[in-house]
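Please treat every number below as a calculation from the coordinates, not as lab data. What you are looking at is a predicted structure, and each value in this text was computed from that prediction instead of being measured. No Cβ is skipped: glycine too gets one built from the backbone with ideal geometry, and neighbour counts run over all protein chains shown.
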Amino acid sequence: YLETLNIQSTLMDKIREAQKTDKEIEEIKEKMSKGKAKGFREDEHDTLWFEDRVYVPNDPEIRKLILQEAHDSPYSIHPGNTKMYLDLKNTFWWTGMKKDIAEFVAVCDVCQRVKAEHQKPAGLLQPLPIPEWKWDKIGMDFITGLPKTSSGYDSIWVVVDRLTKVAHFIPVKTTYTSAKLAKIYMTRIVCLHGVPRTIVSDRGTFHPQTDGQTERVNQILEDMLRACALDYGSSWDDNFPYAEFSYITTVIKPV
């Protein structure tokens, strides 16, 4: 016979229970009865929503739980306040949520340690033409100086499609030869996306020969992956699937 396993979060139950004793929610519901609370509604469980987002009551433990899950979990890996807000605002709402997120990220030790200094690049910016097809033109970079894992990895090879900004993270060793890296590229990238027409690579902090958006993507990746290394120490390579998932769901805007 067949069995189905359904995974359900207990967070909504906690929110519903906390809403019952929240004075601000009581005031909103009273205004709703008079037609003076635009945008608010109740569902069949008497749970208060603001448009399509559940209203999180003024409960410090519940709000802290939501913020920690969106920031510290392996599926997020210190995304920064912008992405964190964009992720949470699709599901939750409370007064001052954006401010609370900014304050939460500001006191995170890992986020402060991985934050890069954005100094003025030397030389003129030389924008590259926008690719016409995905994985036709790629960029690659190496993030080095990471804690050595039990498998001997001490660096991250980042390969980014310059059109879609989709990236693959590959743990490598600084002792790898170019022939070894070429073999890894064939087995990890070419088998999925084919052979690119052009490759842009720069080992420095700034990339003046690339466009501004690619530079910003590199900074996002380096911050995220260094945070992963700081959080998980010598086992950071075991958490790469989560880091790649977190990056793929990141909203990247041109600078």
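Table for the structure above
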item: Label point distance in nm, Asp43-Ile184, each placed 7 Å from Cα along Cα→Cβ; result: 4.5
item: Distant-in-sequence amide H partners of Phe40 (H built 1.01 Å from N, under 5 Å); result: Glu51
item: Fewest-first ranking of Asp154, Asp141, Asp52, using other Cβ atoms within 10 Å as the exposure measure; result: Asp52, Asp154, Asp141
item: Cβ-derived FRET efficiency at R0 45 Å, Glu26 paired with Arg197, nearest 0.05; result: 0.10
item: Length-normalised contact order for region 11-113 - Cα pairs under 8 Å, 6+ apart - percent; result: 22
item: Cα-based radius of gyration of region 11-113 once divided by 2.2 N^0.38 Å, which approximates compact folds; result: 1.16
item: Segment Asp136-Leu65, extension gain: residue separation times 0.36 nm, minus the distance between their alpha carbons; result: 21.4 nm
item: Taking Glu222, Glu132, Glu24 and counting other C-beta atoms within 10 Å, the order from fewest to most; result: Glu132, Glu24, Glu222
